[in-house]
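Chemist: Okay, here's the structure, questions in a sec.
Derivation of every value follows stated rules applied to the coordinates shown; laboratory data play no part. Please read these numbers as outputs of a predicted model, since none were measured by experiment. Methodologically, a virtual Cβ is constructed for each residue, glycine included, from the backbone with ideal geometry; neighbour enumeration extends over all protein chains shown.
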Amino acid sequence: MARVGQFRAATVGCVCGGVAAAALLMASAASAQDLGPGLVPNGDVAQGNANASDAQAAAPVGQHPLQPALELAQRGLSQLRTTMKDYSCTMVKRERIDGKLNDHEYMFAKVRHEPFSVYLYFLSPDSVKGQEVIYVDGRNDGNMFAHAGSGVRAMVGTVTLKPNGPLAMQGNRYPVTELGVENLAKRLVEVAEHDKQFGECEVAFHPNAKVNGRICTCVQVVHPVPRRNFRFHLARVFIDDEYLIPVRYEAYDWPQEQGGQPVLMEEYTYMNVKINNGFTDADFDPKNTAYKFGVK
């Protein structure tokens, strides 16, 4: 159990098959000027279109500022459920855990909506490279399969973990059950509906933002004054104009000192999204010989 306790199943994170993580990192950095706000995050406030002068007012007078953003999120969620059965992508996540901002993690992901199924292969950093995770809703007694990619942790082999258990959640803000663009879209709708009950909310739309070359609309929401009602000080959501899905999300806490910068809490980017691949049960089976779970 000591070795199992050392295993960290990183479960949240989004086609890049066979591309080395280093190449992905270099490509992202090299094209940062073209990718729009914050695709290569700096651990603080993402720079780019989100502060541009072409921001559009979010709501007419008399309407809550969040209403247009809520309607956009609801429309996107409805379209997603109607037209998207599965997708593959490269996901990049960065999260602040116990006050520490962790490194970016890059993952190749397969996601199927019915039943909700996830396969993850970690591309970088080296501490998690080669790690794999599989989860299928309603199967395997609710457990996920996971194994480390290399080193001492890999000697443990494949383990089954409760998605919300302490080992699976170590170093993660959310369990694998909440991964993906549909869950993100649902969360955006829920938060907007909650925050509409209150004032102190500034919303702006920034058209023609880009994430990995994809044209997006950036919706920026700011709660100027810290309140227990609000989950964040500033959030930016980048909605892909074609798919109407959220492909990037950033959330910041209030500055720690007067005049200070907002504090990054979490960010998730879904790149190279390829929809409706026709995934089958084999794509989410730890017995798949294309994977390295070693389950027979």
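Chemist: So how much slack lies between E257 and R187, counting 0.36 nm per residue of separation and subtracting their Cα-Cα distance, in nm?
Modeler: 22.3 nm
Chemist: Also, quick follow-up: Got a sec? Which residues in the range 255-278 would a label at N288 touch, if it sits 7 Å along Cα→Cβ and we count backbone N under 20 Å?
Modeler: Counting only backbone N, you get 270-278.
Chemist: Show log10 I(q)/I(0) for the range 85-197 at q = 0.15 Å⁻¹, two decimals, from a solvent-free Debye sum over equal Cα scatterers.
Modeler: -0.72
Chemist: Provide C89, C201 in ascending order of the number of other Cβ atoms located within 10 Å of each residue's Cβ, fewest first.
Modeler: Neighbour counts put them in this order, fewest first: C201, C89.
Chemist: Please give the net charge around Q63, taking every other residue with its beta carbon less than 12 angstrom from that of Q63, where Lys and Arg add +1 and Asp and Glu add -1.
Modeler: With Lys, Arg at +1 and Asp, Glu at -1, the neighbours total 0.
Chemist: Let me ask something additional. Which FRET efficiency value, to the nearest 0.05, do you get for R227 and N276 by plugging their Cβ-Cβ distance into 1/(1 + (r/R0)^6) with R0 = 30 Å?
Modeler: 0.10
Chemist: What's log10 of I(q)/I(0) for the range 147-296 at q = 0.13 Å⁻¹, Debye sum over Cα points only, no solvent?
Modeler: -0.81
Chemist: Quick query: amide H of F116 versus all other amide H atoms, modeled in the peptide plane; which residues come in under 5 Å with a sequence gap of 5 or more or a different chain?
Modeler: Under 5 Å from the amide H of F116: D137.
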